[in-house]
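What follows is one structure encoded as structure tokens, with my remarks underneath.
The values are calculated or read from the model by the stated rules, or taken from the named source; none is laboratory data. Values in this document were obtained by computation on a predicted structure and should not be read as measured data. Glycine also receives a Cβ, built like all others from the backbone with ideal geometry; neighbour counts cover every protein chain displayed. For the accessible areas, the whole protein counts, side chains as well, though only heavy atoms, and no ligand, DNA or RNA atoms are used. Shrake-Rupley method; radii C 1.70, N 1.55, O 1.52, S 1.80 Å.
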Amino acid sequence: MAPATAEKKKGGSLLFSFGRNKAEKAKAASVTTKPSDKPVKGSSIVSKASSNSSSAATSSPKAAVPKVLSNGVPMGSSSPVSPAAVSKRRLAPAEPAHEAPTAMNLRRDDAAAAWQSRPRMPSRLMDTYVNFMVLGESGLGKTTFIQNLTSSFRVVNGGRVQDGSCTTLSQFQADPDSLRTVLEPMDIPESSRRLMISIQDMPGWGDDINLMRYMRIITGFLLEQRAKDYEKLAGGRALDKTAMCGQLQHSITACLYFIPPHRTKKIDLILMAAISQLVTIIPVIGKSDSMTEAELNAYRAEVLAMLSAPNKFVAARNLPQLEVSLFSFAESILTDLGMSQSQLPIAVVTSRDAEPCDDAAFLESLGLADVQNPVQPVRHYRWGACYPLNRGHSDLIVLKRLLLGDRVESLYAMLDDSYARYMTFCNAFEDSGKQLQMVVQDACQVGGPHLEYDDYAKAKVALDSAKAAMSTLSEENRILAERLAAAEREKKALLERMRA
């Protein structure tokens, strides 16, 4: 067999011939050589098309299909085609049949494979689960926030956002999924992932006066979701975070905690400290349109100070120390979004009302000319209107881009943090003999004493008194034991003297 040779073609490409004879080379040259005669100036489009199609038919079977002009007449043909047939062809184009490769294509592919440095493999999408939770005081617009956040996405369960504004704790305990909004799965080919996103709305605190019960229910829900993943994965946690990124189908990835405007309550600090043991916290200031720009800037600094040192603002002695674990967005991502760390926490405005955006020139300038019937949330006042998706009025669009938009790089950090917390739960769950209520009880030891301060203080005083009484009794028993021992020694000494 003749050795493989490589000949340089015009244009710089390589033509590989593995032992071809002279007849095959001549045939290939006749196929690839372009016709030398130029078209006559002033010739018709039909004559040009016929000459091009005839030459293309000799080089490739696919090129033999005639092109169709806009009037329905195939190029190179004088027979007209009906407009209905052209319209039908445009609406439902026939898929080209899979044809066998030509000898030239096979030689080209073989040559590329001979010198390629890595294999080519089609991507296989991996299901990646991202579960957000929205928590906070009642009346801050948490459900409306979910509606505005997901307005451009398709909702799977029922086609609408689940309303949690009127749901009691008992109803939530009976059916937590009734407040869960599930988005349609989204394929992300560039990252080889299929995003499965859900947003869990929660009953707001304040409707139930028993705050300790509220915290137990929220903590129990978070740990129950971890337990579901523990059962699904059979307790597996041997893989690294890269392999397990986004594989926790039920666990909450991050919690969006809504803070009221103007003043952060101590209960918010206690709940955030308790919840942040189990899931990372993203603080969000709700109803920020009730503050001026100067008030908002000052309030942001105040909130960050309270979250960094919550024990200074929760006056309680002899109680567990509080610590709030916040999620930190990368400075580079915030800079690309026109934000900075000084503009955190994010402050949002939401609305149930919406109006159409019918300015065609404005939509075209934003590259949204193809969007069908776009609408945007709006709040109308006597003095004007507020548009939540306008960054001059609200940070809602920034938060949407961070969580569900084009700057979701932080999702990887959230998923890694969620997996680390899952492994911590697995260890605690197994140490408790897989008794979930014991894990819940331990998790409530951080915020519970603060919410039951009076009972806890009384119990602590009683316990301290009991310890003091026991200490006194022990001391008396020790002295009595020493006296008995001394009397016993004297008795023995007396008996020895009498025997002597």
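Structure notes:
- A straight Cα-to-Cα reach below 18 Å connects residue 491 with the aspartates and glutamates 482, residues fewer than 8 places away in its own chain not being considered.
- Above-threshold pairs, the threshold being 30 Å between Cα atoms, out of 142/312; 241/400; 265/400; 228/400; 232/287; 287/312: 232/287
- Averaging 1/r across all pairs of distinct Cα atoms in segment 120-202 and inverting the result yields a Kirkwood radius of 14.0 Å.
- Across segment 222-378 the C-alpha pair distances fall into 10 Å bins from zero in the proportions 9, 25, 27, 25, 12, 2, 0 percent.
- Ordering of 323-331, 144-152, 486-494 by packing [mean C-beta count within 10 Å, highest first]: 144-152, 323-331, 486-494
- Label-to-label distance for residue 445 and residue 412 is 3.7 nm, based on points extended 7 Å past Cα in the beta-carbon direction.
- When the solvent-accessible area of segment 185-247 is split by element, carbon and sulfur atoms take up 55 percent of it, the probe being 1.4 Å.
- Cβ-Cβ distance of residue 156 and residue 437, R₀ of 35 Å, FRET efficiency by 1/(1 + (r/R0)^6): the value works out to about 0.60.
- Gap separating the Cα centres of segment 175-216 and segment 103-134, nearest whole Å: 35 Å
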